[in-house]
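Structure first, commentary second.
The values are calculated or read from the model by the stated rules, or taken from the named source; none is laboratory data. Note that the structure is predicted; figures quoted are calculated from it, not measured. Quick reminder, even Gly has a Cβ in these numbers, built from the backbone with ideal geometry, and neighbours come from all protein chains shown.
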(Lines give C-alpha, C1' and ligand atoms only; values in the text may rest on other atoms or scores of the structure.)
Protein backbone atom coordinates (compact mmCIF):
# COMPACT_ATOMS: atom_id res chain seq x y z
CA UNK A 1 0.00 0.00 0.00
CA UNK A 2 1.52 3.34 -1.11
CA UNK A 3 0.94 6.87 0.03
CA UNK A 4 0.27 8.49 -3.35
CA UNK A 5 2.28 11.15 -5.09
CA UNK A 6 2.30 14.84 -5.94
CA UNK A 7 2.58 16.04 -9.54
CA UNK A 8 3.97 19.48 -10.28
CA UNK A 9 5.48 22.00 -7.91
CA UNK A 10 3.73 24.01 -5.24
CA UNK A 11 4.39 27.65 -6.21
CA UNK A 12 2.54 30.20 -4.07
CA UNK A 13 2.21 33.92 -3.49
CA UNK A 14 1.67 35.05 0.10
CA UNK A 15 -1.40 37.31 0.34
CA UNK A 16 -1.31 38.35 4.00
CA UNK A 17 0.35 37.51 7.29
CA UNK A 18 -2.12 38.44 10.04
CA UNK A 19 -1.60 36.48 13.21
CA UNK A 20 -2.32 32.81 12.59
CA UNK A 21 -3.87 33.58 9.16
CA UNK A 22 -1.46 32.94 6.33
CA UNK A 23 -3.41 33.07 3.10
CA UNK A 24 -1.66 32.30 -0.16
CA UNK A 25 -2.60 31.98 -3.82
CA UNK A 26 -1.42 29.05 -5.91
CA UNK A 27 0.50 30.38 -8.90
CA UNK A 28 0.84 27.06 -10.76
CA UNK A 29 -1.54 24.11 -10.94
CA UNK A 30 -0.54 20.86 -9.25
CA UNK A 31 -2.16 17.55 -8.34
CA UNK A 32 -2.10 14.72 -5.84
CA UNK A 33 -2.72 11.15 -7.00
CA UNK A 34 -3.79 8.95 -4.09
CA UNK A 35 -2.92 5.29 -3.59
CA UNK A 36 -6.11 4.23 -5.41
CA UNK A 37 -5.19 6.29 -8.48
CA UNK A 38 -7.71 9.09 -7.83
CA UNK A 39 -6.31 12.40 -9.04
CA UNK A 40 -6.97 15.56 -7.00
CA UNK A 41 -6.27 18.61 -9.17
CA UNK A 42 -5.71 22.05 -7.69
CA UNK A 43 -5.96 24.89 -10.24
CA UNK A 44 -3.67 27.89 -10.42
CA UNK A 45 -5.30 30.82 -8.61
CA UNK A 46 -6.75 28.73 -5.77
CA UNK A 47 -6.49 30.40 -2.36
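Worth pointing out:
- Apart from one condition, residue 31 fits all of (1) at pLDDT below 95; (2) surrounded by 13 or more Cβ atoms within 10 Å (Cβ to Cβ); the exception is (1).
- Residues located in the stretch 12-44, provided they are closer than 25 Å to residue 2 by Cβ, more than 9 Å from the chain's Cα centre (by Cα) and part of a strand (DSSP E or B): 33, 39, 40
- Of the set (1) at pLDDT below 95; (2) touching a strand residue (DSSP E or B) at 6+ places or on another chain (Cβ under 8 Å), all apply to residue 45 but (1).
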